[in-house]
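Heads up: the structure comes next, in C-alpha cells.
The values are calculated or read from the model by the stated rules, or taken from the named source; none is laboratory data. Owing to the predicted nature of the structure, the values given are computational and were not obtained by experimental measurement. Counting neighbours? That spans all protein chains shown, and the Cβs are built from the backbone with ideal geometry, glycine included. These area figures cover heavy atoms from the full protein model, side chains too; ligands, DNA and RNA do not enter into them. Shrake-Rupley method; radii C 1.70, N 1.55, O 1.52, S 1.80 Å.
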Amino acid sequence: MPKVSKVKRGVAAIKRITGTKPPKPRQGTNNVTKIVTKLRKEYKVHACPVSAAGAKKYMRNQFEYFGLTAPKRRAIDKQVIASLPSLGAEDIWDLMQLLWQQEERECQHFAIDYAIKYRSILSCDADTCIQSTDVIKGLLTAKSWWDTVDALTPDLVGYFVTKYPQQMIPVMDQWINNDNMWLRRVAILHQLKYKDDTDKERLFRYCVLRGHEKEFFIKKAIGWALRSYFRHNRPAVMEFVKKNESRRTPFSIKEALKHA
C-alpha cells in the first residue's frame with residue numbers, strides 16, 4: 001500500500017476540521033495502550049465511590065467517575081507523566097483518542113492536560129497543527145460538555161490560532177456557523193486569553209452571527225467572551241453592546257457588562 005504524504009494527510013484534515021464529519025479513530029500503539037492501562041490502575045487505587053457518585057450527579061449523570069479530587073488527580077497524573085517515554089504528535093493523538101474512549105471523566109481530563117503540556121509538539125509545524133486540530137475537533141464533538149470543551153478551547157485551539165493564523169482563522173470562520181453547538185462555542189471563546197491581542201473585529205463579528213441564538217451555552221459564551229475583553233478594552237465593548245443591544249439577549253448583555 002503506497003504511503004500517504006504529509007501534504008495529502010493535511011489536506012484531508014483541513015476538509016474534516018472545516019466540515020462536520022468527525023475523523024476516524026486511530027488505533028492506539030502498544031505504548032499508548034500501556035499508558036492508559038497504567039493510568040487507570042493508579043486512578044482505581046485512589047477511587048472514592050462516594051465522591052464519584054456526587055460528581056456524576058453534578059454532571060447530570062452523563063459520565064462515570066473514579067471520584068478523584070482535582071489535586072489528587074493532578075498528583076497522580078504528574079507521577080504517571082514522569083514515567084512516560086517521549087511521545088510524538090501521532091502518539092499523542094492516539095493517546096487522546098484512547099483516553100476519550102474510557103468511561104470515567106478523569107481520563108478525558110488527563111488527555112486535555114497532557115495535550116496542553118505538550119502543545120508545542122502538537123503544533124510543531126502547520127501541517128501537524130492542522131492534523132492536531134482535526135483530532136481535537138473529534139474530541140470536542142464526542143462526550144461533549146462544558147468541562148472538556150472549555151478546557152480545550154483557549155489553551156489548545158486558541159493557542160493554535162495564534163501560532164498559525166493563516167491556516168486556523170478560516171477554521172474558526174467555519175466553526176462559528178457549524179451545526180454543532182459546541183464548535184460554535186469554541187469559535188466564540190478561542191480568544192479568551194488573548195487579552196490586548198484580541199482581534200476585536202473577529203470577536204464582535206462572531207457575537208453578531210450568533211446573537212440571535214437562544215441556546216444557553218452560546219448566550220453564556222457571548223457574554224463571557226465580551227466580559228473577558230471588557231477588562232482590556234472597555235470602550236470598545238461598551239460601544240459594541242450599545243450598538244447591537246437589540247440583537248443581544250438580556251442574559252448576554254448582563255454577562256458582558258457584569259463588571260462594568
*Report those helices (runs of 4 or more DSSP H) wholly inside region 157-221 carrying at least 1 residues which are closer than 17 Å to ILE130 by Cα.*
158-163, 165-175, 181-189
*Near pairs, Cβ below 8 angstrom, 6+ apart or cross-chain, from region 92-116 (aromatic (Phe, Trp, Tyr)) to any residue that is open to solvent by 30 Å² or more (accessible area, probe 1.4 Å) and in a helix (DSSP H, G or I)*: TYR114/ILE81
_For the structure I just gave you, tell me whether THR18 is modelled with pLDDT under 95 and in contact with a Pro (Cβ under 8 Å, 6 or more places away or on another chain)._
yes
_Inter-residue pairs, beta-carbon under 9 Å, first open to solvent by 20 Å² or more (accessible area, probe 1.4 Å) and in region 186-203, second charged (D, E, K, R), 6+ apart_ = LEU192/ASP150; LYS193/ASP155; LYS195/ARG231
_Residue in region 92-141 that is most open to solvent (accessible area, probe 1.4 Å), counting only those that are within 20 Å of PHE66 (Cβ to Cβ) and outside any helix (DSSP H, G or I)_ = GLU103
*For region 34-53, what are the residues that are more than 12 Å from GLU106 (Cα to Cα) and assigned to a helix (DSSP H, G or I)?*
LYS34, ILE35, THR37, LYS38, LYS41, VAL45, PRO49, VAL50, SER51, ALA53
*Could you please let me know if SER246 is among the polar types (S, T, N, Q), modelled with pLDDT under 95 and either under 22 Å from ILE136 (Cα atoms) or open to solvent by less than 30 Å² (accessible area, probe 1.4 Å) (or both)?*
no
*Only residues in region 142-165 that are farther than 21 Å from TRP100 by Cα and open to solvent by 10 Å² or more (accessible area, probe 1.4 Å) count as the first member; pair them with residues that are assigned to a loop (DSSP other than H, G, I, E, B) and not hydrophobic (A, V, I, L, M, F, W, C), Cβ under 6 angstrom, at least 6 apart or cross-chain, and list the lot.*
LYS163/SER123
*Which of the residues that make up region 166-182 are among the aliphatic types (A, V, I, L, M) and surrounded by fewer than 16 Cβ atoms within 10 Å (Cβ to Cβ)?*
ILE169
*Given ASP127, ASP196, which one is in contact with a helix residue (DSSP H, G or I) (Cβ under 8 Å, 6 or more places away or on another chain), farther than 20 Å from GLY211 by Cα and of a type in the set (D, E, K, R)?*
ASP127
*asked:* Please go through region 249-259 and give me each residue that is assigned to a helix (DSSP H, G or I), open to solvent by less than 70 Å² (accessible area, probe 1.4 Å) and either modelled with pLDDT under 70 or farther than 17 Å from ARG205 by Cβ (or both), ordered by number.
replied: PHE251, ILE253, GLU255
